[in-house]
Amino acid sequence: MKTKARLLILFLSVSGVCVFWREVSQYVLPQEQRSCACDRCLFENDTLAIERLRKFPQPFLSSNYSLPEEDFKWWRVIQRGGGNISEYRQKMSRVFQLIPDNSPLEASIPGRCRTCAVVGNSRNLLKSHYGPFIDFQDYVIRINRGRSKGFESDVGNRTTHHVMYLESASQIDNTTRPVLFTFKMRDLEWITSVLSTQPSGKKSLFNKDLAMVLNPAFMRNIHQVWLQKKGAYASTGFMALALALHICDEVHVFGFGADSDGNWSHYWEKVPNKKVKTGPHPGKVEYEMIEELASHQVLKFYTGW
Ligand code: C5P
């Protein structure tokens with residue numbers, strides 16, 4: 001009898017605990033495991049709402065990465081740079097003797113929402129007053145000759161990442177990450193020479209310890225999959241935007257859009273260059289793609305003033 005009573009008490013206690021836990025758990029545990037703390041997390045379930053856009057595994061190069069031959073072939077002709085793959089690998093390994101190996105992309109963290117501002121160079125930024133909101137984001141990505149001085153209220157003044165290539169490079173802050181784009185073999189030599197021939201006392205263009213180099217296979221993926229092979233290849237701005245979707249959980253896009261003559265005029269230029277249009281890049285397709293991504297709430301697009 002005593003044993004039966006004990007068993008009954010034990011049974012009732014266990015049932016009680018189970019019922020209590022079932023009731024309480026719906027308040028203390030999340031209904032579904034979120035990959036980040038934003039309203040919406042990019043690449044959750046590995047899609048960007050647009051089926052063909054999948055997360056690219058390695059947007060940046062690293063010393064032990066071997067560029068596939070077909071990606072090299074695509075890259076070699078975009079600016080008719082020539083060269084062969086063994087030459088490429090040799091030059092790239094010299095680059096990695098000078099810059100650190102990038103750690104793999106940080107995965108999303110359930111309790112965090114990493115936000116990016118991607119700032120293109122369009123004149124539509126003028127009088128926008130976006131500056132404080134741009135500076136408020138965790139990462140602020142600027143592109144080519146994009147600058148802050150004199151335009152702070154419209155474009156902000158923080159820069160955490162600066163995208164550049166040989167012809168667009170300018171002096172950047174020691175704490176800003178240089179994100180180096182290469183389009184031809186000479187660009188690899190440029191990186192090596194910038195970093196190895198600094199006469200003592202002269203400030204380097206960028207901090208080599210923070211440098212990252214974009215993977216040509218990622219560039220090809222953006223052109224062929226995201227932009228469906230339109231134009232010769234994607235603009236630096238569009239690739240920077242795609243990159244932001246890989247390093248942040250929430251992406252805010254500013255400063256994209258041609259002027260009324262269809263030119264990619266810049267906010268710092270008084271007289272826009274009327275002949276420039278959008279160069280070899282599919283400007284209209286890129287703009288429509290940004291609008292489409294915004295309509296799917298993949299990113300937030302600010303079209304300026
Ligand atoms: O012209 P630039 O290459 O310096 O500008 C950086 C990027 O900003 C471009 O690659 C393009 O994607 C974007 N841009 C734009 N509309 C402009 C100027 C630039 O969409 N009027």
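The values are calculated or read from the model by the stated rules, or taken from the named source; none is laboratory data. Note that the coordinates shown come from a computational prediction; the quantities given were computed from them, not determined experimentally. Here the Cβ positions follow ideal geometry from the backbone for every residue, glycine too, while neighbour counts run over all protein chains shown.
For G120, indicate whether it is closer than 19 Å to L180 by Cα, at pLDDT below 90, in contact with a helix residue (DSSP H, G or I) (Cβ under 6 Å, 6 or more places away or on another chain) and of a type in the set (G, A, S). If you could, list the steps in order and put the result at the bottom.
Details: closer than 19 Å to L180 by Cα: yes; at pLDDT below 90: no; in contact with a helix residue (DSSP H, G or I) (Cβ under 6 Å, 6 or more places away or on another chain): yes; of a type in the set (G, A, S): yes.
Spelling it out, it is not the case that G120 is closer than 19 Å to L180 by Cα, at pLDDT below 90, in contact with a helix residue (DSSP H, G or I) (Cβ under 6 Å, 6 or more places away or on another chain) and of a type in the set (G, A, S).
Looking at the range 77-89 only, could you name the residues that are surrounded by 15 or more Cβ atoms within 10 Å (Cβ to Cβ) and either over 13 Å from L188 (Cβ atoms) or in contact (Cβ under 8 Å) with a residue 24 or more places away in the chain (or both)?
Initial filter on the range 77-89 (surrounded by 15 or more Cβ atoms within 10 Å (Cβ to Cβ)): 78-79, 81, 83, 85, 88.
Across the range 77-89, the qualifying residues are I78, Q79, G81, G83, Y88.
Could you please find all residues in the range 135-150 being more than 14 Å from the ligand (Cβ to nearest atom) and over 14 Å from the mean Cα position of the chain (by Cα)? Full working, then the answer.
Step one: list which residues in the range 135-150 are more than 14 Å from the ligand (Cβ to nearest atom), which gives 135-140, 148-150.
Within the range 135-150, D135, F136, S148, K149, G150 qualify.
From the list F133, F151, F181, which residue is more than 26 Å from H223 (Cα to Cα) and in contact with a strand residue (DSSP E or B) (Cβ under 9 Å, 6 or more places away or on another chain)?
Details: F151 fails: in contact with a strand residue (DSSP E or B) (Cβ under 9 Å, 6 or more places away or on another chain); F181 fails: more than 26 Å from H223 (Cα to Cα).
Going through F133, F151, F181 in turn, the sole match is F133.
Which of the helices (runs of 4 or more DSSP H) found entirely inside the range 216-304 contain at least 2 residues meeting this: surrounded by fewer than 20 Cβ atoms within 10 Å (Cβ to Cβ) and within 12 Å of the ligand (Cβ to nearest atom)?
By residue number, 283-295.
Is one or more of the residues making up the range 48-61 more than 18 Å from F181 (Cα to Cα), hydrophobic (A, V, I, L, M, F, W, C) and buried (at least 17 other Cβ atoms within 10 Å of the Cβ)? First the steps, then the outcome.
Let us first name the residues in the range 48-61 that are more than 18 Å from F181 (Cα to Cα), namely 48-55.
Imposing the further condition that a residue be hydrophobic (A, V, I, L, M, F, W, C) reduces the set to 48-50, 53.
Narrowing further to those that are buried (at least 17 other Cβ atoms within 10 Å of the Cβ): 48, 53.
There is at least one residue in the range 48-61 that is more than 18 Å from F181 (Cα to Cα), hydrophobic (A, V, I, L, M, F, W, C) and buried (at least 17 other Cβ atoms within 10 Å of the Cβ).
Would you mind finding the one in L180, L205 that is among the aliphatic types (A, V, I, L, M), more than 19 Å from R158 (Cβ to Cβ) and surrounded by fewer than 19 Cβ atoms within 10 Å (Cβ to Cβ)? Outline the logic, then answer.
Numbers: L180 fails: surrounded by fewer than 19 Cβ atoms within 10 Å (Cβ to Cβ).
So the residue among L180, L205 that is among the aliphatic types (A, V, I, L, M), more than 19 Å from R158 (Cβ to Cβ) and surrounded by fewer than 19 Cβ atoms within 10 Å (Cβ to Cβ) is L205.
Surrounded by fewer than 16 Cβ atoms within 10 Å (Cβ to Cβ), in contact with a helix residue (DSSP H, G or I) (Cβ under 8 Å, 6 or more places away or on another chain) and among the charged types (D, E, K, R): does that describe R94? It would help to see each step written out before you state the result.
On the way: surrounded by fewer than 16 Cβ atoms within 10 Å (Cβ to Cβ): yes; in contact with a helix residue (DSSP H, G or I) (Cβ under 8 Å, 6 or more places away or on another chain): yes; among the charged types (D, E, K, R): yes.
When the stated conditions are applied, R94 passes them.
Any residue in the range 273-285 that's farther than 8 Å from G262 by Cβ: show its pairings with residues that are more than 10 Å from the ligand (Cβ to nearest atom) and of a type in the set (A, V, I, L, M) at Cβ separation under 8 Å, as long as the two are six or more apart or on different chains.
As it stands, the answer is P280/A232; H281/A232; P282/L227; V285/L227, since those pairs meet every condition given.
Which one of T192, T175, T160 is away from the ligand (no atom under 16 Å from the Cβ), of a type in the set (V, I, T), under 30 Å from I50 (Cα atoms) and surrounded by fewer than 20 Cβ atoms within 10 Å (Cβ to Cβ)? First the steps, then the outcome.
On the way: T192 fails: under 30 Å from I50 (Cα atoms); T175 fails: under 30 Å from I50 (Cα atoms).
Only one candidate qualifies: T160.
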